[in-house]
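Presented below is the structure to which this report refers.
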Amino acid sequence: GNKMYLDKLYAYYQYSESIMFDPETKLFYRDTKYIYPKHKSANGKKDFWARGDGWLFAGLAKVLQDLPKDYEHRAYFEIQFKNMAKTLAKAQQKEGYWTRSILDPAHAPGPETSGTAFFTYGYLWGMNNGYFKKCNKAHPLSVIMSLNFNPSSLAFALSSLISVSKKP
């Protein structure tokens with residue numbers, strides 16, 4: 001492929017990071033209207049949207065799948081992926097799902113199934129591709145818990161992984 005497109009991906013990702021990334025949590029705000037402290041959850045906490053961060057987490061898995069191993073900024077994307085995985089494992093509910101507001105379950109109680117499916121996909125992809133070998137046991141546990149909670153997460157994650165493995 002043309003390196004110009006990889007460099008654009010990196011530049012656009014960094015631009016988004018400069019606007020919406022929270023370095024403390026390693027998560028992204030939904031958009032500029034949701035940045036803390038301008039926007040707070042009902043309980044005064046930072047508000048991260050599970051579906052949006054789910055798109056990011058699963059998207060990073062897809063990017064890493066296709067990114068050349070020798071691309072100069074590959075480590076940047078790998079660090080983002082691993083850091084998100086650590087935060088997400090801590091935020092998962094004991095029933096196996098993630099809530100709409102990732103770090104404030106009381107703000108919007110109950111499961112956010114899209115986010116849960118995206119996170120499950122990202123964890124499965126990361127496990128299958130060696131990204132969590134040195135991480136704690138929370139990542140495999142996160143996958144098991146989310147699959148037990150939401151069988152549709154399994155269907156989504158497996159169908160996505162199968163389509164990735166069938167690349168020409």
Long-range neighbours under 6 Å by Cβ, at least six apart or interchain, first residue closer than 15 Å to GLY130 by Cα within segment 55-67, second open to solvent by 10 Å² or more (accessible area, probe 1.4 Å) and of a type in the set (Val, Ile, Thr): GLN65/VAL164
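Of everything in segment 15-60, what is part of a helix (DSSP H, G or I) and open to solvent by 70 Å² or more (accessible area, probe 1.4 Å)? Give them in sequence order.
The first filter runs over segment 15-60 and keeps only residues part of a helix (DSSP H, G or I), leaving 15-20, 32-34, 50-60.
Selection gives TYR15, SER18, THR32, LYS33, ARG51, TRP55.
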Could you tell me which numbered condition ALA155 fails, if it satisfies all but one of (1) open to solvent by less than 30 Å² (accessible area, probe 1.4 Å); (2) farther than 25 Å from ARG30 by Cβ; (3) modelled with pLDDT under 90? (1)
Hey, any hits in segment 72-94 for a residue that's assigned to a loop (DSSP other than H, G, I, E, B) and in contact (Cβ under 8 Å) with a residue 60 or more places away in the chain? yes
Can you report the number of residues in segment 95-130 which are within 12 Å of SER146 (Cβ to Cβ), open to solvent by less than 20 Å² (accessible area, probe 1.4 Å) and assigned to a loop (DSSP other than H, G, I, E, B)? 3
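The values are calculated or read from the model by the stated rules, or taken from the named source; none is laboratory data. Given the structure is predicted, the values throughout are model-derived calculations rather than measurements. Neighbour counts run over all protein chains shown; Cβ positions are idealised from the backbone, glycine included. All accessible areas refer to the heavy atoms of the entire protein, side chains included, with ligands and DNA or RNA removed. Shrake-Rupley method; radii C 1.70, N 1.55, O 1.52, S 1.80 Å.
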